[in-house]
Amino acid sequence: MRKSFYIFLCLSAICFYSNAQSRSIVDDLNTTKAGQGKIVIYQDEGIRSLIGANMMTASISTNPTAVASQLSTTTDGTDAPKNFIRAKGYRIQVYSGNDQKVAKNEANSRKGAIQSSFPNMEVTVSYNSPVWRVRAGNFKTQEQASQALSELKAKFPGFKEMRVVDDVVKIPVD
């Protein structure tokens, strides 16, 4: 009797585990449970198919013209990519400061200086208390970022603290 009880217990645990593995978290949240509130999640079918799926690393070209296009000093406004993906990449940290009296103004000043000299390069100012940061560019490889860094240092020799940093960047989709 005891042996058959343990076998039944093991089989029911295996069935329960395999049933739980086939359901997504959204299905589990949408299930009504006694004594609990009701959650309804509305989402696109494409998102439903992505839940629990392994994401592949995007294949992105690393051609040298990617750096040249960001460092170009011509402004035509038509080259701005409409579609992009976010991927691990590199940016140039132009400024980082936490002196609240000066940091915000300095960050915006450096952003303006870089945008006026390199209009195709994306420059962002971020504030994560108490630090203001200015980061420029969207580079897939560290070599591309280093090349752009040397050009930025040549153009702005007074910006001594510029360096290449890891970041999540926007990569245009072809």
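The values are calculated or read from the model by the stated rules, or taken from the named source; none is laboratory data. None of the values given here were measured: they were computed from a predicted structure. A quick note on method: Cβ atoms are made from the backbone with ideal geometry, for glycine too, and the neighbour counts reach across all protein chains shown. With ligands, DNA and RNA removed, areas are computed over all heavy atoms of the protein, side chains included. Shrake-Rupley method; radii C 1.70, N 1.55, O 1.52, S 1.80 Å.
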Segment 128-150, residues that are open to solvent by 40 Å² or more (accessible area, probe 1.4 Å), within 22 Å of K104 (Cβ to Cβ) and out of contact with any Lys or Arg (no Cβ under 7 Å at 6 or more places or on another chain): N128, S129, P130, R133
Members of segment 151-174 found to be over 15 Å from N120 (Cα atoms) and part of a helix (DSSP H, G or I), listed by number: K153, A154, K155
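If you scan segment 90-122, which residues turn out to be of a type in the set (A, V, I, L, M) and in a helix (DSSP H, G or I)?
Of everything in segment 90-122, those that are of a type in the set (A, V, I, L, M) and in a helix (DSSP H, G or I) turn out to be A103, A107, A113, I114.
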All positions within segment 128-150 that are without any contact (Cβ under 8 Å) to a residue 24 or more places away in the chain and assigned to a strand (DSSP E or B): N128
Qualifying residue in segment 57-66 (condition: within 25 Å of V164 (Cα to Cα), outside any loop (DSSP other than H, G, I, E, B), of a type in the set (A, V, I, L, M) and modelled with pLDDT of 75 or more): no
Search result, residues across segment 18-43 that are modelled with pLDDT under 70 and surrounded by fewer than 10 Cβ atoms within 10 Å (Cβ to Cβ): S18, N19, A20, Q21, S22
Among residues of segment 85-107, those that are farther than 24 Å from Q147 by Cα and of a type in the set (S, T, N, Q), counted: 3
Residue, surrounded by the fewest Cβ atoms within 10 Å (Cβ to Cβ), within segment 84-127, restricted to residues that are in contact (Cβ under 8 Å) with a residue 40 or more places away in the chain and β-branched (V, I, T): I85
Some residue of segment 151-163 being closer than 10 Å to I92 by Cα, among the aliphatic types (A, V, I, L, M), open to solvent by less than 60 Å² (accessible area, probe 1.4 Å) and in contact (Cβ under 8 Å) with a residue 12 or more places away in the chain: yes
